[in-house]
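K.L.:
Quick one: the structure is below, and I'll ask about it shortly.
The values are calculated or read from the model by the stated rules, or taken from the named source; none is laboratory data. Treat the numbers as computed from the prediction; the structure is a model and nothing was measured. Every residue, glycine as well, gets a Cβ built from its backbone with ideal geometry; the counts of neighbours run over all protein chains shown. Ligands, DNA and RNA are excluded from the accessible area calculation, which covers all protein heavy atoms including side chains. Shrake-Rupley method; radii C 1.70, N 1.55, O 1.52, S 1.80 Å.
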Amino acid sequence: MTENPGTFDLMSVRVPILVAPMAGGPTTPALVIAAAEAGAMGFLAAGYKSVDALAAEIDEVTASGVDAYGVNLFVPGSGVRDPAAVLRFRDELEPVARRYNVDVGRIVDYDDDAYADKIDLVIERRVPVVSFTFGLPDDGVVSRLHDVGIVVVATVADADDAVRAAARGVDALCVQGVEAGGHRATLDVAAEPSDIRTVDLVRQVVAIVDLPIIAAGGIATGSHVDDALAAGAVAVQLGTAFLDSAEAGTKPTHRAALRNPRFSETVVTRAFSGRPARALRNEFTDRYTPLAPAEYPQLHHLTSPLRSAAALAGDPEFLNLWAGTSFRDTDFGPASEIVARIWSETAAATRVTEQQG
């Protein structure tokens, strides 16, 4: 880690399990608080939230006494690259809109997700750890965060991007393998994500970058954790494993789909947002994956009202059912119990206990 006065020490987290930021509802302050109570650490998801809503969530976490937590920010991209492709996709969505008697979302040329204001907020609130997805913070942002002792984490999905991130002076890397649920952390919206397994990608990155590595993607059991730590990671980040936790804000339709035998596999699709993301295969992914252009956040805005309507109707066939490949290993229950179960299954936990004894 970069040496900064007062910087939070990621290695001080008692249980090296991080609850991933899951934008769009699943991540809640209660989930972050529960992770901390279990000795782990959670991330708030700033994506798609207003600055005021994010501030309220940060305040709720800190008011609970939690001082080990993070916030994840989306790095904004460029505007529409192919307007005609976006218009064609909008037209293709009309049958789904009619199905739910709603309008397709509006076309937004550019949306920075209030990035600059959110940077100001995490600095003002002295958030211990700030991670970035969909791009890299520029040198000025990294310096501003470091000046107030904030640990900076970049999320990457291949070894070349890990090298680029390290050159920005970040303090740690979240390395995301092919098994990961939800959006893949490609730095370029048009890039096709790699098909490298999490453990193998961690090994690649450890060999070329001298930074702490957080492994992410398909991790849901104690053996998964052991494999990632053995590959050289200092911690693991889990998202899908907490989708059905008691504290998560996951939509009921999404929770039910994780258990429904109808949904037996995951696919990587751009259909919901324009960025590659892993979800349970359903009618929407089958119909729209071949048609979706690489335009984010434009497709996110187009499909947003359709996804909301599908959730309200309890229809999983047209909902973005984000899930990693280990979705069948998810448990219902308090997040603290999920953390405790996974950690107790690991050989790493046994070693720690022996060392403490």
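K.L.:
State the percentage of accessible surface on region 283-345 attributable to carbon and sulfur atoms; use a 1.4 Å probe and exclude ligands, DNA and RNA.
P.N.:
Values: 1280 of 2350 Å².
Answer for region 283-345 is 54 percent, counting heavy atoms of protein chains only.
K.L.:
Right, something else. Report the trypsin sites (Lys or Arg not before Pro) located in region 155-213 that are in a DSSP loop and have at most 15 other Cβ atoms inside 10 Å of their Cβ, or state none.
P.N.:
Details: sites: R164, R168, R184, R197, R203; in loops: R168, R184, R197.
When the trypsin sites (Lys or Arg not before Pro) of region 155-213 are filtered for loop state and at most 15 Cβ neighbours within 10 Å, R168 remain.
K.L.:
Let me ask something else. For the full complex of protein chains and a 1.4 angstrom probe, list R14, R287, R255 by accessible area with the highest value first.
P.N.:
On the way: R14 160, R287 100, R255 45 Å².
The ordering from most to least exposed comes out as R14, R287, R255.
K.L.:
Okay, moving on. Apply the Karplus parameterisation 6.51 cos²θ - 1.76 cosθ + 1.60, with θ equal to phi minus 60°, to every residue of region 19-27 and state each ³J(HN,Hα) to the nearest whole Hz, in sequence, with x for glycine and proline.
P.N.:
Listing the rounded values in order: 7, 5, x, 10, 5, x, x, x, 7 Hz.
K.L.:
Provide the percentage of antiparallel DSSP beta bridges, counting only those with both residues in region 154-311; round to the nearest 5. Don't skip to the answer; put the middle values down first.
P.N.:
Details: 6 of 16 bridges.
Looking only at bridges with both residues in region 154-311, the antiparallel portion is about 40 percent.
K.L.:
Still on this structure: Might you tell me the accessible area per residue for the chain, computed with a 1.4 Å probe and given in Å²?
P.N.:
Values: 14080 Å² over 357 residues.
That works out to 39 Å² per residue.
K.L.:
Using modelled backbone amide H atoms (1.01 Å from N, in-plane), which distant-in-sequence or interchain residues come within less than 5 Å of G135's amide H?
P.N.:
For G135, whose amide H was placed from the backbone, the distant partners under 5 Å are V75.
K.L.:
In region 46-184, carbon and sulfur make up what percent of the accessible area (probe 1.4 Å)?
P.N.:
Values: 2590 of 5760 Å².
In region 46-184, the share of accessible area belonging to carbon and sulfur is 45 percent.
K.L.:
Now, a different point. State, as an integer percentage, the relative contact order of region 27-96 based on alpha-carbon contacts under 8 Å between residues 6 or more apart.
P.N.:
Values: 55 pairs, mean separation 23.2, N = 70.
Rounded, it is 33 percent for region 27-96.
K.L.:
So what J values fall out for region 255-267 if you push phi through Karplus, 6.51 cos²θ - 1.76 cosθ + 1.60 with θ = phi - 60°, rounded to Hz, Gly and Pro as x?
P.N.:
Values, residue by residue: 4, 4, 5, 4, 9, 7, x, 4, 9, 10, 8, 10, 9 Hz.
K.L.:
How large is ³J(HN,Hα) for each residue in region 70-87, as worked out from phi by the Karplus curve 6.51 cos²θ - 1.76 cosθ + 1.60 (θ = phi - 60°), to whole Hz, x for Gly and Pro?
P.N.:
x, 10, 9, 10, 8, 7, x, x, 9, x, 4, 8, 9, x, 5, 5, 5, 5
K.L.:
Considering only DSSP beta bridges whose two residues both sit in the chain, what percent are antiparallel, to the nearest 5? Show your work: numbers first, answer last.
P.N.:
Values: 7 of 37 bridges.
Beta bridges within the chain, antiparallel portion: roughly 20 percent.
K.L.:
In the chain, which longest range has no GluC sites (Glu not before Pro) that are both DSSP loop (not H, G, I, E or B) and surrounded by at most 10 other Cβ atoms within 10 Å?
P.N.:
Details: sites that count: E3, E265.
Excluding the exposed sites themselves, the longest stretch runs over 4-264.
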